[in-house]
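One structure is given here, and the rest of the page talks about it.
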Amino acid sequence: MDTQNTFRIGTGAGFSSDRLEPALDLIRLGRLDAIVFECVGERTLAFGHRDRRADPKRGYNPLLERRMRAVLPLAQAAGTRVITNMGVANPLAAAQRTVEIAAELGLKGLKVAAVTGDEISHLIGPDTRLLEPGCRLSETGREMLAANAYLGIDAILPAIEAGADVIITGRVADPSLFLAPMAHHFSWQLDDWHTLGAGTAVGHLLECAAQVTGGYFADPGHKDVPDLAYVGFPLAEVTADGGAVITKLEQSGGLVSQRTVKEQLLYEVHDPSAYLTPDVSANFSQVHLTDDGQDRVRVNQADGAARPKQLKVTIAFDGGFLAEAEISYAGPGAAERARLAGDIVAERMDKLHGSNAPIRIDLIGVSALHASAVDYPATAQDVRLRCAMRASSEAEAEMLLWEVEALLCCGPAAGGGYRGHVTPSVMTYSAFVDRGDVQPHLEILST
């Protein structure tokens, strides 16, 4: 590979609470042109809006300050551009705080860009059609918190062209965070569907961090991964045609193989021949993988077609209160006693308290994670009953906790280890809006 025509880009985070030290290692040792911290999911975005309502200065990723204090000095010294959606529901406040941190660290000449315009509540009305429940917004019976469109590289490129060292966005499609610096470096045109599709494949492989370096791959005895406690984050060596080698730092833990790459390539992809993003309809169906040395996999032959005419929107709603309560049963008949306890709670919530909210009852150790859809053989002698419900009021949620705690003395026998809590919750649904109605905005701040 001609390294003079190679763009080196790494992943600093694959979700909101990802580890920090693998990112710092990449900046120190990876000779990166850019590093991307991908930290926004549907629920984290909704929680960001809830936090911003409580405090207009918040709404960005809670780990932004810790990450920026560690990352900014290293990135400036290495000449590595930082791109992140840690702005979540408040990119401008995140950018302002980043500038303050840079000043506190004595860093001079740092340009920080805030990319906004993804929040489009003004375009959403009662008749907006929601995809998942298949109804209009007004039919949900819930309060809308906010609505965010998935922006693409056309929202990020102006910040790169302005020379921003740190670019902070809100809701941007995950692979677009990686595709934008590639497209700028190689001067890819916004209608070069083939190359944008290839670059999107690279971004998709990198976006979940350690998932492609063995984290989500590991299964002891079947798919062993070395030194997983210190799994490294991935980087890509990208060429002008959109092909790349996916790899990691040699001294980091984990594994990059054709199998790890294949698993991530298909992750959250409903149709590999038409993976829709704001930038391109990417085609992964003909991707070709070849080994290129230890922990190095070359990715080629991804393709693309014209981008969609509409943008996906995540609409966040107030989800009421989530009540969760647990109690344990042990010894012979533990599963039967736990099952009876769950039946008691459900009956009392319905007939005594008049709650019509559905209750989820799991027997952890016998039947859990599948909403009790799968009933495994009741051989376990250590079972934990979990009761959960989404309540419309805090009082209704507290009533569930009360009923589960009362099982300690009201039977069945030998319940113990009660724990319960009530938390505010959010819900998200999806919709589409016309691309032309969404107008990204850029603001540059400097130290």
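Read-outs throughout are calculated quantities, based only on the coordinates presented, and are distinct from any laboratory measurement. Computed from a prediction, not measured in an experiment: that's the story for all the values here. Note that we place each Cβ from the backbone using ideal geometry, even for glycine, and neighbour counts take in every protein chain shown.
A few notes on this one:
- Averaging Cα coordinates gives a centre for the range 276-326 and one for the range 69-103; these two points are 25 Å apart.
- Among 381-390, 121-130, 417-426, 197-206, the peptide with the highest mean count of other Cβ atoms within 10 Å heads the list, and the full ranking is 197-206, 381-390, 417-426, 121-130.
- Note: relative contact order over the range 234-363, using C-alpha pairs below 8 Å and six or more positions apart, is 18 percent.
- Förster-model FRET efficiency, 35 Å R0, Thr6 and Leu63, C-beta, rounded to 0.05: 0.70
- Dividing the Cα radius of gyration of the chain by 2.2 N^0.38 Å, with N the residue count, gives 1.08.
- ³J(HN,Hα) computed for each position of the range 263-277 - Karplus, 6.51 cos²θ - 1.76 cosθ + 1.60, integer Hz, glycine/proline x: 4, 6, 4, 8, 5, 6, 10, 6, 10, x, 8, 8, 8, 7, 10
- Extension reserve of the Ala54-Leu105 stretch, reckoned as 0.36 nm per residue once the Cα distance is removed: 15.5 nm
- GNM on the chain, alpha-carbon springs under 10 angstrom: the most fluctuating residue among Gly215, Gly293, Gly48 is Gly293.
- Pairwise FRET efficiency - Ala306 versus Lys223, Cβ, R0 = 35 Å, nearest 0.05: 0.40
- Pairs of Lys residues in the chain, spaced 8 or more positions apart or belonging to different chains, with C-alpha separations under 26 angstrom: 6 in total.
- The chain: relative contact order as a whole-number percent, Cα under 8 Å and 6+ apart: 18
- Cβ-Cβ FRET estimate between Phe15 and Ser430, R0 fixed at 25 Å, reported to 0.05: 0.85
- Burial ordering of Asp350, Asp174, fewest other beta-carbon atoms within 10 Å first: Asp350, Asp174
- Cα gyration tensor shape for the range 215-329, rounded if a/c is under 1.5, else prolate or oblate: oblate
- Listed by Cβ neighbour count within 10 Å, with the fewest neighbours leading, Thr116, Thr247, Thr290 appear as Thr290, Thr116, Thr247.
- Considering only GluC sites (Glu not before Pro) in DSSP loops that have at most 15 other Cβ atoms within 10 Å, the longest stretch of the chain without any of them is 269-447.
- Distant-in-sequence amide contacts of Thr11, defined by a placed amide H-H separation under 5 Å and a gap of 5 or more residues or a different chain, comprise Val36.
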